[in-house]
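What follows is calculated from the coordinates using simple rules that are stated; it is not laboratory data. Every value quoted in this text rests on a predicted model; they were computed, and no experiment measured them. Positions of Cβ are backbone-derived with ideal geometry, glycine not excepted, and every protein chain shown enters the neighbour counts.
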Amino acid sequence: MSLKVYNTLTKQKEEFVPASTHQVRMYVCGPTTYNYIHLGNARALVVFDTIRRYLMYKGYRVCYVQNFTDIDDKIIARAQEEQEEPLDLAERYIKEYFRDADALRVLRANVHPRATEHIGEMIEMVRGLLEKGVAYEAGGDIYFSVRRFPGYGKLSGRTLEEMLAGARVEVDRRKRDPLDFVLWKAAKPGEPAWDSPWGKGRPGWHLECSVMSVKYLGFGFDIHGGGSDLIFPHHENEIAQAEAFKGEEPFARYWIHNGFVTVNDEKMSKSLGNFFIVRDLLQEWPPEVLRFFLLSTHYRSPLDYTLENLAAARKSYTRLRNTLELLEEVTGSQEAVPAGRLSREAAAFRDQVLARVAEFEDAMDDDFNTALALAALFNLGREVNGFINREDFKTTPAIRHTLVRVRRYFKSLLDVLGLVPGESRELRMDYAQALREIAVSLKESGAAQLPEPLPEAPQVLLDALLKVRQEARAQKNYRLSDRIRDSLKKIGIILEDTPRGVRWRLV
Ligand SMILES: [Zn+2]
């Protein structure tokens, strides 16, 4: 089946055909960096990351660009509150962004352009728009003249009359028409400002995406993505600027938008106090579980955040992880060589698995239906469990070879969704301090011998603690072994004693 994508521009599902055969050029609007990212940002990040991963799985080379809006009214206001330079504040939150996005397994973009690094190019576009007569100056500000661009409204499907009715009543008197939007803002005292032919100022928000997407991907690139709240006015304005400037269309060929996150069926918003930032959620939920939850609903539908939904995501994700662990257990770490003939049952099992892989691909080909793709993975897991848990199950070389292939399929499908477990088993440096405190308290109370000095790396320190606990268990000193287990649990590291030794995972 070929890949079908719902295009906001044409309001229908279309076959996806990139402009060049093997390459997809993709631009996604990134965050305004004045705060930690929230759950709504995370949904867009994970949705477009998954789309990118699936395109890569299909063999495309994907050139992925995601911007940072690092100058904006919100950044300036927040910087004033925090008594910080706006550009320093933006820089700080770009670093924080990468911490959260990396945790959520969002692959880094090929380019992460920043608005403040492209001021010269933005000035060029404003100059061009003025020359073409689709923009005008008023008191040091430059506005885009919406009625001079005939295609305005084609993305959102709104007529000018509807947009007028929706336009805010407080009309900026410098605008000739309430529909017009700002391209360049004259500087106010104390704000960051850049020189321009119209005096000191800074770019309007919409301008940066028209400029940076075309700079890195070329005009007429394949996919433009973002949250559905960006369709109007942000993306409508991006199209107007880029197409009026170039005198051609389309600026971008497929427009993809993800739906809202709701909280207990209400819109998530700061004013309602039901606003969740990813950093807080990651304290309580493993990143894979959060990512599973974000992909559990089709990307265009609203996604409802409730504790029950997250708990259900955790349970479901554990099932997928168990299937992979089972496959790893029976296949071992060596590569298997093809050997001997498959029994009828084993051949039927292999065919069932291939059918599930096709089911997964069909789901993703149908406008990236991750909910159905996950269902295909559960079906695949059921086949695996059924086959391995049969009473007469034996690992002949031929069967082992088949299972190694199945393991590879299963893992590569999990990877499309960014859900391969284990990557987050890497202990981040932020665990170092908490582990140290546990070790110091054990040492000071004389309860255990630990290396001196204590290892710096959290992973090595955890191994040392686990060794002490194993020794305590061997000596039936359960007070000590339980104390270590409970202290680790308090900082989010869960131990599981299995026949193959102790396993740990992050909550
Ligand atoms: Zn944008």
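So the values come out like this:
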read-out: Shape call, region 377-507: gyration tensor on alpha carbons, a/c limit 1.5; value: prolate
read-out: Cα convex hull of region 429-506, projected area averaged across orientations, nm²; value: 4.9
read-out: DSSP beta bridge pairing in the chain, given as percent antiparallel to the nearest 5; value: 55
read-out: Residue-wise HN-Hα coupling along region 199-214, computed from phi with Karplus coefficients 6.51, -1.76, 1.60 (Hz; x: Gly, Pro); value: x, 6, x, 8, x, x, 4, 5, 4, 4, 5, 4, 6, 6, 5, 5
read-out: ³J(HN,Hα), Karplus 6.51/-1.76/1.60, whole Hz, each residue of region 357-369, x for Gly, Pro; value: 4, 5, 4, 4, 5, 4, 5, 6, 5, 8, 6, 6, 7
read-out: Value of relative contact order over region 244-338, rounded to a whole percent, pairs C-alpha under 8 Å and six or more apart; value: 31
read-out: 10 Å beta-carbon shell around R78, net charge (K/R +1, D/E -1); value: -4
read-out: Theoretical ellipticity at 222 nm over the chain - DSSP helices of four or more residues, -39500 (n - 2.57) apiece, nearest 500; value: -15500 deg cm²/dmol
read-out: Efficiency of FRET from Cβ geometry, Q459 and K13, R₀ 41 Å, rounded to 0.05; value: 0.30
read-out: Ranked by how many other beta carbons lie within 10 Å on average, peptides 127-137, 263-273 from highest; value: 127-137, 263-273
read-out: Given K267/K489; K215/K270; K95/K154; K411/K443; K175/K200; K11/K246, the pairs whose alpha carbons are separated by over 31 Å; value: K267/K489; K215/K270; K95/K154; K411/K443
read-out: Peptide ranges 51-59, 388-396 listed from the most packed, as the mean C-beta count within 10 angstrom indicates; value: 51-59, 388-396
read-out: log10 of Debye I(q)/I(0), alpha-carbon scatterers only, for the chain at 0.06, 0.08, 0.12 Å⁻¹; value: -0.37, -0.63, -1.16
read-out: Under 17 Å from the N274 label point (7 Å along Cα→beta-carbon), backbone N, region 287-313; value: 302-311
read-out: Amide H within-cut-off set for T262, under 5 Å, with H built and near neighbours excluded; value: L303, D304, Y305
read-out: Under-5 Å amide H pairs with D180, H placed in peptide plane, nonlocal only; value: V146
read-out: Restricting region 251-299 to chymotrypsin sites (Phe, Trp or Tyr not before Pro) in coil, as DSSP defines it, with at most 14 other Cβ within 10 Å; value: F275
